[in-house]
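Visitor: I have a structure I would like to understand better, so I am pasting it below and will then ask my questions one at a time.
The values are calculated or read from the model by the stated rules, or taken from the named source; none is laboratory data. A quick note: this is a predicted structure, and the numbers were derived from the prediction, not measured. Reconstructed Cβ throughout: ideal geometry from the backbone, glycine too, with neighbour counts over all protein chains shown.
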């Protein structure tokens, strides 16, 4: 779960990291609440990255200019991500900017610091980046070593090290995937502040992080309606721009099926993994979600019944096809209880194709031949 | 710092360990506040152990009997420890009693569980005791292994393990020297409750355990006035029943000096370690405390000036002897700046004995010859 | 074969739960030597005829089990894994999905310290066909032979195993390493084991988008692996920035694409198949002597 | 000699504090090879002519120091100790008093894991007379010779060293293990080192009330130590249940009495002295050839 900048900063502040004073507004007239005087910075609160480049950060010299800017900014959409509010902060005198983040490193299998003495950068493409594995349990000397490697000495070494330690503590205590301060700034007065930040909470930890209870819903507002629906019932849907609706069991098999669709000349319309051991009801819900995509011309169902019973899937299919008799449907089923499934499907006129490549080719053929028409439920 | 039972139980409850309902009273009439009905158990809240044997735990069948008992109990003193209040609890139906504690083990250098399937016992003398080292960081399987070794199965295994895990978490989070539940009881309904408990907070951790801010003063009320005074200025005084007041630098040397006093026929009146590198002022305060003991006939000062400068000590002695010219004082000084000290002392008529055994023998000789008389400050 | 064989003594942690008990039954039916189940508080009972104990330590003492398959819920998995390690279990197969990765990181560190082995989490398990199956793999799809398989995926592995079996190419051992970003055994360790295994003649490596493990493995293969390797990468059509089912399957910051992985394979002399049936064809071509008449 | 000699390169953690800097000066004056001080944020400065660095790692890289004496405040000691360990320091001498014992326990565990050595906490340090002094011991009291000393106490050690020096009995190395209940090196490890040290001919063991380390050591001496041992126990007159200065010096539950320790010494053939000067007499008697003319 990605958090908004203002939420990340609240968490930083609770963890002892200094952030600038700020006011969050959702209407231009609320700008009058600003207590720290002008000029100010106005920043759109969106979940997508690249907000600055997209024009989502503006400076206003007075209230008038600020309110004019706020009107436009509040309506802004950055990479499909809607502006939730604006964060207003004073313009600060910056002496130096840094990048500082904690995340999990796949290769090392542990948390790491990622840092750079250049701030506000695209960390993926910078060549001034330092990474440092973090031992568990954490001890403050690790943060000091990081500050030293960043080239700090004296008081600033101690202060930057302190921020690093606090950032790790937040990362650990809140089960984050990412705790990023970018930039961490040093003011003319040698104050160290988090000027902007990003936090990603690990989705699997949400049920034990009571702090985030009830947060998920308002952090999924950038998802499509079907993606949200899937998320709520525990299915993983990713929408694509093709016309073959795909439904498989298992993430790897779903991706491989999409890839084969493309290889044989088709265009996958989505990724949908119904997971292992899904029952009739869940399979039916998944079928409905794929069906609801207006771009979907053909549906390709690929179930390798290792643990999943093919007959359960077949029964769901029969119900589905009764409701949507005009839906083009290519079914590949193989594995557990395949023979029973075959019989069930034959009765409702559905052909089962046990060979995966044959099934994919059939779906592609149907998708390129169909004339587009809406497929609704049977009246 | 030892806590009262009611404080320990409050901490247990905050840590998720079930304790019986209770009411704490400081006056007999407050017994009317009891909300769980009679019969009840009345327990004196004292810092000393052995309260039960001393008659500090009584049962009352009704309010009348309870108030009568409370009157007596509130005045009770157990091993020099004054009753601070009474804890009133319902009488429970006990199916089984256990002993369960977490403490640090010197030999293994880590925390350990100490447990016994017999509760309410003198753990030092019991032969049914299980000890188990606790890994750091802690994980709940350790508690389950303990419960299993105690002979539990089924639901009780899970419940007792859960109490063990919570007890360790409290021990760690609060920097305790000892977290003891004795007895931990199992009721007829298989509820697991801490019926009595003892907590010792590590004194060195008090400055980082904000929870205990301000607790120290009311937990030292069993100390003598001079022991408290010493504690407040960071000196370690232990009062004994002899008549030779002892003041040394270093704990080991102080004990060795006491031992020599005894070996040569004298009776040490106290243990007082002024510590390493004490200055004039602190040395003077220490001299005053020893001097204030009415049993003290002779004072023996033994300073081995490794780091401590002998001349600093000598200057303090000169001031002291001006204030208390009649005080019998044997001074052994050796080490750093011994020559300067010797000169300073000679001027005020004090003889310095560099040999330890000679000094101890001199103090013993003086202590057995003096006629007792109070030594006050010079008018 | 590697990791497990017909003599491997296996316990199941979380044996009395719904998933644990149903897979315990399947594993038993397959012939796996399941010697015990472990569920705290259920000691003394039985699951499908297998005795249940309260702790791993007790289980190890009483049964000599050296391997544990774990089915406990996500937030209890770290504790279960550490309990197994502490009791001296040598191989842990962690099936559970949805473990917070900081927990996994702690378990991985402990596994390294003890010199034990961890497969998973979020994995289908390990099978040495005809001898031993631990986890949730469908045994009937696999057949004994000389192909070693390593995969980040579950059903895709079955699909490829099916293609191999259909083509008469049995497997020595198949290891599903799991779809999480932080995990136990990785490609290199297993590649080395298959390289050193006399029963394996060719290795199939099934990767997917996310991270750079395949790129690293490709170079490792070039420098260390003497046996032919056939690779497959899922996710050519996956869009960037979206998690594709597995926690670890995500292209982020332009890294972890299928193109990059396929290129790395090709540069390092690894055959790359584009469909499951192509995997079987390439294996057959690489080691024609393996194909059963 | 054991642990330290004239070639030992020593750093001082907490070198710019009041205690750290004054003892750094004393150690330098004694001849100890102090190569650096460490204080985060003070890197680039000097203390008594010795360069100060910001981290132990940097210090090790730049000076090759293998030993660290730590003077930081109690709540920072665990971090300082772990920093030293992580940077590869082999011997840590932790002077700081008042460290919460759960912190010490964590440090002791890390020391064991790394195979390093820890003396202290709450200890006076170590001296190999005439060669190297680390800690706060008064160097002028000691003299070079063949007596190895191990002690839980500070000034009592000086008293006994003084008696030995006065009697012409110099010391090979003296180690103050510290007065805390949880600590680094203990009697057995040091006894073994002195036993194996060609420069040591007799060992003086200075114990005190609290715990049972002396009882355990007594049996260890009987079974393993070939050199004569003279023991001394402080606290014969200490009352039960009272902490006598040192955190570890307490008789509790009837355990840890001086009587018990003295009895254990005697039962295991260890000479027991009752006063500091008696220690010197017993050493002289045990190894008369050592007494200087």
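Visitor: Of all residues in region B:277-303, which are in a loop (DSSP other than H, G, I, E, B), within 13 Å of residue B:247 (Cα to Cα) and without any contact (Cβ under 8 Å) to a residue 40 or more places away in the chain?
Guide: Within region B:277-303, B:278 is the sole residue that qualifies.
Visitor: Pick from B:317, B:333: which is crowded, with 17+ Cβ neighbours inside 10 Å, assigned by TED's automatic domain parsing to the domain that holds residue B:266 and part of a strand (DSSP E or B)?
Guide: The conditions single out B:333.
This table checks each residue for (1) in a loop (DSSP other than H, G, I, E, B); (2) at the interface with another protein chain (Cβ under 10 Å from one of its Cβ atoms); (3) under 23 Å from the mean Cα position of the chain (by Cα).
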{"residue": "B:177", "(1), (2), (3)": "no, yes, yes"}
{"residue": "B:183", "(1), (2), (3)": "no, no, yes"}
{"residue": "B:193", "(1), (2), (3)": "no, no, no"}
{"residue": "B:199", "(1), (2), (3)": "no, no, yes"}
{"residue": "B:205", "(1), (2), (3)": "no, yes, yes"}
{"residue": "B:222", "(1), (2), (3)": "yes, no, yes"}
{"residue": "B:227", "(1), (2), (3)": "no, yes, yes"}
{"residue": "B:253", "(1), (2), (3)": "no, yes, yes"}
{"residue": "B:275", "(1), (2), (3)": "yes, yes, yes"}
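Visitor: So, one more: Could you check region D:254-293 and list, in sequence order, the residues that are more than 23 Å from the chain's Cα centre (by Cα) and on the phi > 0 side of the Ramachandran plot?
Guide: Hits for region D:254-293 are D:254, D:269.
Visitor: Follow-up question, since we're still on this one. If you go through region A:4-14 one residue at a time, do you hit one that is assigned to a strand (DSSP E or B) and surrounded by 18 or more Cβ atoms within 10 Å (Cβ to Cβ)?
Guide: No, region A:4-14 contains no residue that is assigned to a strand (DSSP E or B) and surrounded by 18 or more Cβ atoms within 10 Å (Cβ to Cβ).
Visitor: Of the numbered conditions (1) buried (at least 24 other Cβ atoms within 10 Å of the Cβ); (2) touching a residue at least 12 places away in the same chain (Cβ under 8 Å); (3) within 24 Å of residue C:122 (Cα to Cα), residue A:252 fails exactly one; give the number of that condition.
Guide: Here residue A:252 meets the rest and fails (2).
Visitor: While we're looking at this one, here's another question. State all residues of region C:251-271 that are surrounded by fewer than 20 Cβ atoms within 10 Å (Cβ to Cβ) and in contact (Cβ under 8 Å) with a residue 12 or more places away in the chain; if no residue qualifies, say none.
Guide: Scanning region C:251-271 gives C:252, C:254, C:255, C:257, C:259, C:260, C:267, C:268, C:269.
Visitor: Could you please give the count of residues in region B:56-96 that are outside any loop (DSSP other than H, G, I, E, B) and in contact with a helix residue (DSSP H, G or I) (Cβ under 7 Å, 6 or more places away or on another chain)?
Guide: The total comes to 10.
Yes/no matrix, rows are residues, columns are (1) surrounded by fewer than 23 Cβ atoms within 10 Å (Cβ to Cβ); (2) more than 15 Å from residue A:12 (Cβ to Cβ); (3) assigned by TED's automatic domain parsing to the domain that holds residue A:99:
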{"residue": "A:129", "(1), (2), (3)": "yes, yes, yes"}
{"residue": "A:149", "(1), (2), (3)": "yes, yes, yes"}
{"residue": "A:155", "(1), (2), (3)": "yes, yes, yes"}
{"residue": "A:162", "(1), (2), (3)": "yes, no, yes"}
{"residue": "A:166", "(1), (2), (3)": "yes, no, yes"}
{"residue": "A:181", "(1), (2), (3)": "no, no, yes"}
{"residue": "A:186", "(1), (2), (3)": "yes, yes, yes"}
{"residue": "A:194", "(1), (2), (3)": "no, no, yes"}
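Visitor: A further question follows. Of D:145, D:130, D:98, which residue is more than 16 Å from the chain's Cα centre (by Cα), within 14 Å of chain B (Cβ to nearest Cβ) and surrounded by fewer than 24 Cβ atoms within 10 Å (Cβ to Cβ)?
Guide: D:98
Visitor: Residues that are at negative phi, assigned to a helix (DSSP H, G or I), away from chain A (no Cβ under 13 Å) and surrounded by 19 or more Cβ atoms within 10 Å (Cβ to Cβ): does region D:108-119 have at least one?
Guide: The answer is yes, given that some residue of region D:108-119 is at negative phi, assigned to a helix (DSSP H, G or I), away from chain A (no Cβ under 13 Å) and surrounded by 19 or more Cβ atoms within 10 Å (Cβ to Cβ).
Visitor: Now for a different question. If you check residue C:179 against the conditions, is it at pLDDT below 95 and crowded, with 20+ Cβ neighbours inside 10 Å?
Guide: Judged against the criteria, residue C:179 is a match.
Visitor: Surrounded by fewer than 24 Cβ atoms within 10 Å (Cβ to Cβ) and under 17 Å from the mean Cα position of the chain (by Cα): does that describe residue C:139?
Guide: Spelling it out, residue C:139 is indeed surrounded by fewer than 24 Cβ atoms within 10 Å (Cβ to Cβ) and under 17 Å from the mean Cα position of the chain (by Cα).
Visitor: Residue C:137: in a loop (DSSP other than H, G, I, E, B) and either within 22 Å of residue C:35 (Cβ to Cβ) or within 10 Å of chain A (Cβ to nearest Cβ) (or both), yes or no?
Guide: When the stated conditions are applied, residue C:137 passes them.
Visitor: Cβ contacts < 7 Å: first residue outside the structural domain of residue B:307 (by TED's automatic domain parsing), restricted to region B:230-248; second residue surrounded by fewer than 21 Cβ atoms within 10 Å (Cβ to Cβ) and part of a loop (DSSP other than H, G, I, E, B), any location; separation 6+ or different chain. Result?
Guide: none
Visitor: If residue B:109 passes every condition in (1) at pLDDT below 95; (2) surrounded by fewer than 16 Cβ atoms within 10 Å (Cβ to Cβ) but one, which one does it miss?
Guide: It fails just one condition, (2).
Visitor: Determine whether residue B:358 is without any contact (Cβ under 8 Å) to a residue 60 or more places away in the chain and either crowded, with 19+ Cβ neighbours inside 10 Å or in a strand (DSSP E or B) (or both).
Guide: For residue B:358, the condition - without any contact (Cβ under 8 Å) to a residue 60 or more places away in the chain and either crowded, with 19+ Cβ neighbours inside 10 Å or in a strand (DSSP E or B) (or both) - is not met.
Visitor: Find the helices (runs of 4 or more DSSP H) located wholly in region D:174-293 whose residues include 1 or more that are within 10 Å of chain B (Cβ to nearest Cβ), and list them.
Guide: Passing ranges, in order: D:213-224, D:258-267, D:276-286.
Visitor: Let me ask something else. Tell me, yes or no, whether region B:140-147 has at least one residue that is on the phi < 0 side of the Ramachandran plot and surrounded by fewer than 20 Cβ atoms within 10 Å (Cβ to Cβ).
Guide: Among the residues of region B:140-147, not one is on the phi < 0 side of the Ramachandran plot and surrounded by fewer than 20 Cβ atoms within 10 Å (Cβ to Cβ), which makes the answer no.
Visitor: Which of the residues belonging to region C:53-90 are away from chain B (no Cβ under 11 Å), surrounded by fewer than 22 Cβ atoms within 10 Å (Cβ to Cβ) and outside any helix (DSSP H, G or I)?
Guide: Selection gives C:64, C:66, C:73, C:88, C:90.
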